[in-house]
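K.L.:
Can you read through this structure? Questions will come right after.
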Amino acid sequence: MTRISIIGAGSCGTALAILAARAGHDVKLWSRRDDVVDSINSRHINSRYLSAAEIPNTVRASTELTTCLSGTSLVLLATPSHALRDLLGEMRSGLDQSRIIVSVAKGIEIETGKRVSELVDEILGESWSQRFVCLSGPSFAKEVIGGHPTAIVAASRNEASARVVQEVFSFENLRIYTNNDVVGTEFGGSVKNVMAIAAGMTVGLGFGANSVAALITRGLAEIARLALSHGGQLETLMGLAGLGDLVLTSTGSLSRNRFVGEELGKGRSLEEITSGLNEVAEGIKTTRAVKQLAQKAGIEMPITSVVDSVLYEGTTARDAVTELMTRPLRQE
């Protein structure tokens, strides 16, 4: 049995809490919301996220970070990436280097362009890099707890840390592979959300499978260019954390980022769309961060550029598609 702290009780955090408890682990789940904590502890459901799923009574929830961190050996970060800087600062005094930190956040900090592993290095110290694991890949929370066979990746610079996470969370329908490419795994999980918005836009405009296939393929090329420029490995981008996650998020009906794109394609405003979302669509903020990283590195990312122009500059989805299709012809 492993004692686990899960920081964030959204869909992903709740699903992993359920899975870990089913596997026999002791789980503490943190949320800022009193109503969520009360619902988990008293009724064994998360009234706000995944409300149809029963949560094992071995999962205990709290709004107190110190309570959730006390006595655990593995800390899993399951909050939106834009909240992590402040949270890591709050957690710092309650952590010691006997812990392993696992991130399932799929985003890039918009103000700095930093990935989660870089935030951990900055705020907690670079000595944590050997005990940091990025857990990523094609996985909708609802399907994981519903028993659907799922395969994802645990990436760490330290093979032993990755193996611990692999052994803790591989259970029944969830199979975890390991790799040592934190950079490629983080970029794959983050930038695919930008491409999923673009894929949703094509569907919202009424275009079919040809358009989505082209978008996914050229989107993968953009992700790879950016990841490789920062030291990521091409093999990672061709695997579960890259292509696998991109395909799922760009085509799956449970994808929040694809939904945002679809609604933009139908002509709704971003403000109107996001006001109705129950959880964060990471791709909205990540688009701006990725565009800035690409510009800084001198990398061409035309899909990212047009998604940014739709989200932040008032360009219509139809004009964005026209812009992509009328770019100068070139070799693949």
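K.L.:
Pick from segment 193-227 the residues that are free of Cβ contacts under 8 Å to residues at least 24 places away in the same chain and closer than 22 Å to Gly107 by Cα: which of them is surrounded by the most Cβ atoms within 10 Å (Cβ to Cβ)?
P.N.:
Once the filter is applied, the top-ranked residue is Ala224.
K.L.:
Criterion first (of a type in the set (Val, Ile, Thr), crowded, with 22+ Cβ neighbours inside 10 Å and in a loop (DSSP other than H, G, I, E, B)) does Ile101 satisfy it? Step through it out loud before you land on a result.
P.N.:
Working: of a type in the set (Val, Ile, Thr): yes; crowded, with 22+ Cβ neighbours inside 10 Å: yes; in a loop (DSSP other than H, G, I, E, B): no.
For Ile101, the condition - of a type in the set (Val, Ile, Thr), crowded, with 22+ Cβ neighbours inside 10 Å and in a loop (DSSP other than H, G, I, E, B) - is not met.
K.L.:
Follow-up. Take residues that are buried (at least 24 other Cβ atoms within 10 Å of the Cβ) and touching a Phe, Trp or Tyr at 6+ places or on another chain (Cβ under 6 Å) and tell me which of the strands (runs of 3 or more DSSP E) falling wholly in segment 1-90 contain 1 or more. First the steps, then the outcome.
P.N.:
Values: elements: 3-7, 26-30, 59-62, 74-77.
In segment 1-90, 3-7 are the strands (runs of 3 or more DSSP E) which contain 1 or more residues that are buried (at least 24 other Cβ atoms within 10 Å of the Cβ) and touching a Phe, Trp or Tyr at 6+ places or on another chain (Cβ under 6 Å).
Yes/no per residue for (1) closer than 24 Å to Leu205 by Cβ; (2) free of Cβ contacts under 8 Å to residues at least 40 places away in the same chain; (3) touching a Cys at 6+ places or on another chain (Cβ under 9 Å); (4) not in a helix (DSSP H, G or I):
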residue	(1), (2), (3), (4)
Gly231	no, no, no, yes
Val247	yes, no, no, no
Arg258	yes, no, no, no
Leu277	yes, yes, no, yes
Arg288	yes, no, no, no
Thr304	yes, no, no, no
Arg318	yes, no, no, no
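Quick note: the coordinates plus some simple rules give every number you see, no bench work behind them. Computed from a prediction, not measured in an experiment: that's the story for all the values here. Cβ coordinates were reconstructed from backbone atoms using ideal geometry, including for glycine residues, and neighbour counts include every protein chain displayed.
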